[in-house]
Amino acid sequence: ALASQGGSITQFQMWALSRQEDLFAETSAGFSRETLVEWFELWLGAMEDGVTPSADVASEYAGVPTNQGMMAVGLTLVSATGDNNTSDMQISLDQNGRGAVSMAPAPTGGAPQVVGANSWSIAENCTNVAAAAAFIDYFINSSEAAVTLDTQTGLPPVTSIAQELVASDEVAPSIKERIALYEELLARGATVDVWPDGTQQLVTQFTTQWEEVAFGQSTPEAAADAFIAQVETALSGF
């Protein structure tokens, strides 16, 4: 079975990109109502046909650690998650004797993909900026630190450090595969995705709209209308 992605806003973004759309325009949703309706219909049909687990099963596993998720315990064969989760998933698969995890780019119809902009930062009210900067500098520019972190905070942002990880015998093959995939995405023209201010709550709002569809409490059309309104509210600053 596939792990349903109906409630994943980042996977929906890939769907929108394949149609030359995106999540956001300047002051409105960057995708059409039709695109979101078809997304919800796609995953609703997959669930009804038994291609993905039921809404009840998906709800049971929502929010569990990666090493306890549906793919890790053998309920699904295909899923989508942050690349830093795949290393943990592989550990679980090894422990359960369930094979190896492989990664592939999302199908976007040839359109360039987007990658996250997660990184280190210093709080505005930090009282020791110099020490904080030195801390960040060490973890960004040191191959020793990169091995210690084991990419739990994401892949190294410095190309030379990433290349050292690829060449190291201490680094797990799953991490090297992640680096190779990232380089492949960049070669295809991937861009760094920075969301507008005030839009982070849309992640959970999107999931909620999908869950209402999955449990029969809403329709794809009504959920699409509701989410588009939420996008416009977020972009308006209210």
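For this structure, a couple of remarks:
- The residue of segment 113-147 that is surrounded by the most Cβ atoms within 10 Å (Cβ to Cβ), among those that are among the polar types (S, T, N, Q) and farther than 20 Å from Val192 by Cβ, is Ser143.
- Out of Thr52, Thr81, Thr108, Thr66, sole residue that is in contact with a Leu (Cβ under 6 Å, 6 or more places away or on another chain), hydroxyl-bearing (Ser, Thr, Tyr), surrounded by 14 or more Cβ atoms within 10 Å (Cβ to Cβ) and under 24 Å from Gln200 (Cβ atoms): Thr108
Every residue, every condition in (1) closer than 13 Å to Leu2 by Cα; (2) part of a helix (DSSP H, G or I); (3) of a type outside the set (A, V, I, L, M, F, W, C), yes or no:
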{"residue": "Phe40", "(1), (2), (3)": "no, yes, no"}
{"residue": "Ser59", "(1), (2), (3)": "no, yes, yes"}
{"residue": "Gly63", "(1), (2), (3)": "no, no, yes"}
{"residue": "Asn67", "(1), (2), (3)": "no, yes, yes"}
{"residue": "Met71", "(1), (2), (3)": "yes, no, no"}
{"residue": "Ala80", "(1), (2), (3)": "yes, no, no"}
{"residue": "Ala100", "(1), (2), (3)": "no, no, no"}
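- Of the residues making up segment 110-152, those that are under 20 Å from Tyr182 (Cα atoms) and out of contact with any helix residue (DSSP H, G or I) (no Cβ under 8 Å at 6 or more places or on another chain) are Gly110, Gly116, Ala117, Asn118, Ser119.
- Val171 crowded, with 16+ Cβ neighbours inside 10 Å, within 19 Å of Ala58 (Cβ to Cβ) and among the hydrophobic types (A, V, I, L, M, F, W, C): no
- Residues that are on the phi > 0 side of the Ramachandran plot and out of contact with any Phe, Trp or Tyr (no Cβ under 9 Å at 6 or more places or on another chain) within segment 192-238 comprise Gly216, Gly237, listed in sequence order.
- Test: residue in segment 155-165 that is surrounded by fewer than 16 Cβ atoms within 10 Å (Cβ to Cβ), at pLDDT 90 or above, farther than 20 Å from Pro105 by Cβ and not assigned by TED's automatic domain parsing to the domain that holds Val101: yes
- Hits in segment 98-112 (condition: over 25 Å from Asp193 (Cβ atoms) and in contact with an Asp or Glu (Cβ under 9 Å, 6 or more places away or on another chain)): Ala100
- Failed condition for Thr204, given (1) of a type outside the set (A, V, I, L, M, F, W, C); (2) more than 30 Å from Ala55 (Cβ to Cβ); (3) within 19 Å of the chain's Cα centre (by Cα): (2)
- Within segment 16-38, the set of residues being farther than 20 Å from Ala229 by Cβ and either in a helix (DSSP H, G or I) or modelled with pLDDT of 95 or more (or both) comprises Leu17 only.
- Only helices (runs of 4 or more DSSP H) whose full extent lies in segment 122-238 are considered here, and the ones with at least 1 residues that are touching a residue at least 40 places away in the same chain (Cβ under 8 Å), among the hydroxyl-bearing types (Ser, Thr, Tyr) and under 24 Å from Gly30 (Cα atoms) are 202-214, 220-236.
- Every test in (1) surrounded by 15 or more Cβ atoms within 10 Å (Cβ to Cβ); (2) closer than 19 Å to Met89 by Cα; (3) over 22 Å from the mean Cα position of the chain (by Cα); (4) hydroxyl-bearing (Ser, Thr, Tyr) is passed by Tyr182 save one, and that test is (3).
- Residue within segment 106-121 that is aromatic (Phe, Trp, Tyr) and not in a helix (DSSP H, G or I) present: yes
The values are calculated or read from the model by the stated rules, or taken from the named source; none is laboratory data. Since we're looking at a predicted model, the values are computed, not measured. Backbone-built Cβ (ideal geometry, glycine too); neighbour counts: all protein chains shown.
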